[in-house]
Each structure stands twice: as C-alpha cells, then as structure tokens.
1. How many angstrom separate the Cα center of region 119-171 from the Cα center of region 26-65?
2. For the chain, what is the calculated [θ] at 222 nm in deg cm²/dmol (nearest 500), taking -39500 (n - 2.57) for each run of four or more DSSP H residues and dividing by its residue count?
3. Grab the other residues whose beta carbon is less than 10 angstrom from that of GLU132, score K and R as +1, D and E as -1, and report the net.
4. Mind sorting LEU116, LEU140 by how few other Cβ atoms lie within 10 Å of their own Cβ, fewest first?
5. Please rank CYS77, CYS21, CYS56, CYS106, fewest neighbouring Cβ atoms within 10 Å first, as an exposure proxy.
6. So for the pair THR168, GLU8, with labels modelled 7 Å out along Cα→Cβ, what separation do we get in nm?
7. Using a Förster radius of 25 Å, what is the FRET efficiency between ASP178 and GLN150 based on their Cβ-Cβ separation? Nearest 0.05, please.
8. Count charges around THR173 for me, please; just the other residues with Cβ under 10 Å from its Cβ, Lys/Arg as +1, Asp/Glu as -1.
Amino acid sequence: MIYSKEVEEMCPVAQGVHHGCAPIPEEAKWVQAKRVEDISGFTHGIGWCAPQQGACKLSLNVKEGIIQEALVETIGCSGMTHSAAMAAEILPGLTVMEALNTDLVCDAINTAMRELFLQIVYGRSQSAFSEEGLPVGAGLEDLGKGLVSQVGTMYGTKLKGSRYLQMTEGYCTRMALDANNEVIGYEFVHMGKLMQWIKEGMDANEAVKKATGCYGRFKDAVKYIDPRKE
C-alpha cells in the first residue's frame, strides 16, 4: 500500500462504533451481505440494447452466491435469441459477481444482468421473505404450463384503430366488436398447449379447437374480425 506524504504526516484518528452493513432480506432471513456467497434469492432484471431495438427479461435463482437457474426471455431482435441460448449455457454455475463481469453476448442481456445484480444485492428479490427461497425450477413455473413467455403484441393506426395480435394467453385469432365497432373481447390459441398436443399425436385441427379460448364479451359481438387480415 502506498500513501502520499501528506497522508503519512496526518495525525491518526480512531474510528468510533461501526455496526457493519445494513442487513437485507434473503429467503426469510436478515443477512449482512459481505461476501458473494452471502447472496441468495430469486429475482428478475430487465435490459435493453444501445439502439433500443430489443429487450431482455432475465430471471436468476441464486443459492449462496451461485446461479443455479437462469431464464432468458428476449423480444424485438432475432439475433438476441441466439445470444439468449448462449447466456442460458453460460450463467448456471457462475457467481453473481462472475456473471456481472461476463460477456453475455448481447447488450440487452448484459444490461439485464446489471439491473438484476442491483436488485439482488439490495435485497429486492422475489424470494426475500420465503423460507429457503424458491426451488430450482421456479423460472419454468413463471412461464406456466405451456412453457411460453408472457408476451403481448398490439398494433394500432389512427385510420383503422387497434389490432390485437398476441395476448399473454396466446395467439389472437379473432377480435369481437359491438355495434359501435368497439372491441369487447377476443379469441386466442394457446400456442404452448397446441404444440404439446400436436407433438403427442393429436390431430392438428382438433388440437387448435382444444387450445382455443376467449376473453371478455366475445359471444355477444355483432362482428368478428381477423386482426391480421381485416
């Protein structure tokens, strides 16, 4: 350690009472996190790339500083999907500090890791007050039974109004309109369930019918439109 001459010539002043860092909530415990291995929790981070053409939601399940589970969800950029595949391989087994300083290929994923790191080291995790935290596999549970990301895609113009393309429930097939041409409901196909049933050998037309649902006053509509054609 090298000190400047000015510091060396200073009169020593003893430090008074020091209580250490403030404890943070981790898996139903209050922890004074001083080392990487003191960090545990399941939490999320949202990131974006420099041109802001794509975004990433990153979910990590950390146990004693080690990432045990990673869920990488991306939207808006085709190349980001391949980066997410690489990040899903890279992240498990790393410490949160290593992950913060690892090139996760995509700018949006790197930014998500930064934001997630801030959440977890400040005790803002989803499992902060859950005894023993959330089990490994909680990331898949966030996706639901169909194992499909919760994505919504809407489009609208001043001339023709809104178009519902993708709801969190699934792919939107029809919009329901009333006598004033206002939206009162929609029909959707749950893509995760659809593909699972087809994979299991069910006829595709039957699978589509089984995976189809509706929301709102769909059956009361005066008119139905295909949001991709009309």
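1. Taking the Cα centre of region 26-65 as reference, the centre of region 119-171 is 16 Å away.
2. Working: 7 runs with 59 residues, N = 230.
That comes out to -7000 deg cm²/dmol.
3. Numbers: positive: LYS29, LYS63; negative: GLU27, GLU131.
Net of charged neighbours comes to 0.
4. Values: LEU116 25, LEU140 13.
Result, fewest neighbours first: LEU140, LEU116.
5. Values: CYS77 19, CYS21 11, CYS56 29, CYS106 24.
Least crowded to most crowded, the residues run CYS21, CYS77, CYS106, CYS56.
6. 6.4
7. Details: r = 28 Å, r/R0 = 1.11.
It comes to 0.35.
8. Details: positive: ARG174, ARG228; negative: GLU187, ASP226.
Net charge around THR173: 0.
Coordinate-derived values only; no laboratory data. All of these numbers come straight from a predicted model, not from anything done at the bench. When we count neighbours, we look across all protein chains shown, and the Cβ atoms used for this are built from the backbone with ideal geometry, even at glycine.
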